[in-house]
Amino acid sequence: MDTHFKRKIAFALSMGIVTTGLISFTLLALNLGFSSGFVLTWLRSWSIAYLIVIPAILLVGPRLQAQDGRGSTLFIPVTAHRNTCCKRREAGGASNR
């Protein structure tokens, strides 16, 4: 197994822990409140979410990265997009608004 692939897996595992933990905790706290069985319910929800997210990150992530490499504006920072729009306006081009 090469180093690049190992890093991708490590990233998916760590991002999965952080995102599923935060989201499951927040949604359970908002929807159920802090009841007596909150911690057990949260850990159960977190583990289910984690098992769903890891394959999704590993399967969907590379496809999104490939789309980004083909000129997709999905991941362009807002400041870069604004600079492009302003340059077009100054040059007399059409605006993207």
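The values are calculated or read from the model by the stated rules, or taken from the named source; none is laboratory data. Predicted model only: the values in this text are computed from it and were never measured. All Cβ positions, even for glycine, are placed from backbone atoms using ideal geometry, and neighbour counts span all protein chains on display. In case anyone asks, the SASA skips ligands and DNA or RNA and just uses the protein heavy atoms, side chains included. Shrake-Rupley method; radii C 1.70, N 1.55, O 1.52, S 1.80 Å.
Key figures
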| read-out | value |
| --- | --- |
| Virtual spin-label span in nm between LEU27 and SER14, 7 Å along Cα→Cβ | 2.5 nm |
| Heavy-atom accessible area order for LEU59, LEU13, LEU28, largest first, 1.4 Å probe | LEU59, LEU13, LEU28 |
| Exposure ranking of SER36, SER24, SER47 by accessible area [1.4 Å probe, largest first] | SER36, SER47, SER24 |
